Amino acid sequence: MPKILIIDDEAPIRRVLREILENESYQVFDASTGMEALQQIKEQDFDAIFCDIKMPEMDGIEVLEAIRQDSDVPVIMLSGHATVDTAVEAFKKGVYDFIQKPPDLNRLLLTLRNALEKKNLATENKILKKAIKLQHQMIGESAPMLAVKDMIEKVAPTNARVLITGENGTGKELVARQLHELSQRTSGPFIEVNCAAIPAELIESQLFGHEKGSFTSAIKQKKGDFELADGGTLFLDEIGDMSLSAQAKVLRALQENKIVRVGGEKEIPVNVRILAATNKNLKVEIEKGNFREDLYHRLSVIVINVPPLRERKDDIPLLVQNFVELIAQDMGKATPKFEPDAIETLQQYQWTGNIRELHNIVERLVILCGSTITKDEVVRFGNPLN
């Protein structure tokens with residue numbers, strides 16, 4: 001049941017609003033002064049607040065300022081004497097809406113419902129962002145991982161292009177996301193393109209977009225990932241698998257900060273930071289004629305090599321604990337515990353599939369085992385490729 005606070009120095013107003021809101025199944029609290037209201041706000045959380053403008057000792061604007069120091073709860077101002085300047089000031093200080101007294105019942109209830117819906121969406125968004133952040137956090141305190149984190153902290157605030165290298169499953173995408181999150185572009189989009197998963201004949205349309213009618217299935221104009229990432233970060237994963245023709249266009253885009261859609265002629269300016277990743281040795285690919293050397297030098301201003309799991313086995317206990325908690329939470333079950341010798345057994349494996357393989361095995365163990373996971377169960381159900 002949503003909790004609503006009414007702040008007004010007039011007892012009849014508080015009484016009428018209380019009756020209206022309680023009739024709508026809201027839990028209602030009230031305060032006759034700003035100081036009394038602020039004390040209640042310290043003691044409990046409210047879902048929305050109605051606040052009068054004209055009050056003795058502390059007016060509504062001052063109450064709003066005090067609330068905004070610690071909370072983003074929706075505040076709806078009530079007043080029978082407010083001027084346009086007062087209303088403008090209230091909106092600048094973060095009021096949700098402004099209702100004249102005596103309030104129209106339908107508008108009051110509609111405004112309250114909209115405020116509560118907005119607050120719920122904001123709360124859900126925060127929870128979702130937190131969950132995403134937890135899924136993409138970099139786990140590890142081993143020397144190799146500390147070196148990677150240190151490099152990320154130094155490079156992230158710049159606009160330098162970064163080439164992220166490492167075996168499959170080592171977490172190259174996590175490095176890219178950390179570079180974005182710690183950059184000055186964090187409020188912009190993070191667009192990821194898996195160059196290995198897109199057919200060669202479609203990669204240019206994916207990256208640069210296309211004009212209507214530029215090819216058989218182009219039934220309408222489409223923006224490419226360079227445009228979608230404008231103001232943010234474009235992550236080109238598995239760039240070693242990109243076709244040579246697409247490489248040439250990417251090189252031009254990096255040189256000129258402009259792109260041209262497939263089938264188009266107009267140059268479109270783009271402001272994008274490029275991060276790239278590969279599990280291939282691009283210098284070998286250059287010798288084979290599979291990768292452009294000039295593009296390599298454009299991409300590799302900074303190179304970050306993500307170590308394989310076999311070189312950072314000290315991180316396995318932390319990784320296992322993190323995976324267990326996330327997997328158990330997703331399944332809606334209690335978090336099982338690994339016995340010490342079970343963890344030691346996991347640390348003895350070579351992990352050719354790296355972190356991705358470890359995650360899969362932990363998930364399998366959480367599904368198949370009980371509240372405590374033993375060494376014998378790791379040997380029985382783990383079965384990693386050594």
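Selection within the range 259-282: residues that are at pLDDT 95 or above and charged (D, E, K, R). The member of this set that is nearest to Gly166 (Cα to Cα) is Lys280.
Kindly indicate whether any position in the range 190-203 is at pLDDT below 95, in a helix (DSSP H, G or I) and crowded, with 20+ Cβ neighbours inside 10 Å. The answer is yes, given that some residue of the range 190-203 is at pLDDT below 95, in a helix (DSSP H, G or I) and crowded, with 20+ Cβ neighbours inside 10 Å. Within the range 227-245, the set of residues being surrounded by fewer than 22 Cβ atoms within 10 Å (Cβ to Cβ) and either out of contact with any strand residue (DSSP E or B) (no Cβ under 7 Å at 6 or more places or on another chain) or hydroxyl-bearing (Ser, Thr, Tyr) (or both) comprises Asp230, Gly231, Asp241, Ser243, Leu244, Ser245.
The set of residues in the range 193-227 being of a type in the set (Asp, Glu) and either free of Cβ contacts under 8 Å to residues at least 24 places away in the same chain or under 19 Å from Ala277 (Cα atoms) (or both) consists of Glu201, Glu204, Asp225. Filtering Leu318, Leu358 for residues that are buried (at least 19 other Cβ atoms within 10 Å of the Cβ) and part of a helix (DSSP H, G or I) leaves a single hit, Leu358. Name the single residue, out of those in the range 85-106 being without any contact (Cβ under 8 Å) to a residue 60 or more places away in the chain, assigned to a helix (DSSP H, G or I) and of a type in the set (A, V, I, L, M), that is surrounded by the most Cβ atoms within 10 Å (Cβ to Cβ). Out of the qualifying residues, it is Ala90.
What are the residues in the range 48-97 that are of a type in the set (A, V, I, L, M, F, W, C) and at pLDDT below 85, if any?
Taking the range 48-97 first, the residues of a type in the set (A, V, I, L, M, F, W, C) are 48-51, 53, 55, 58, 61, 63-64, 66-67, 73, 75-78, 82, 84, 87-88, 90-91, 95.
Residues satisfying the conditions are Ala82, Val84, Ala87, Val88, Ala90, Phe91.
Mind checking whether some residue in the range 212-226 is surrounded by fewer than 19 Cβ atoms within 10 Å (Cβ to Cβ) and either outside the structural domain of Gly289 (by TED's automatic domain parsing) or part of a helix (DSSP H, G or I) (or both)? No: the range 212-226 contains no residue that is surrounded by fewer than 19 Cβ atoms within 10 Å (Cβ to Cβ) and either outside the structural domain of Gly289 (by TED's automatic domain parsing) or part of a helix (DSSP H, G or I) (or both).
The values are calculated or read from the model by the stated rules, or taken from the named source; none is laboratory data. Since this is a predicted model, take the numbers as computed values, not measurements. Cβ sites come from the backbone with ideal geometry, for glycine too, and all protein chains shown count toward neighbours.
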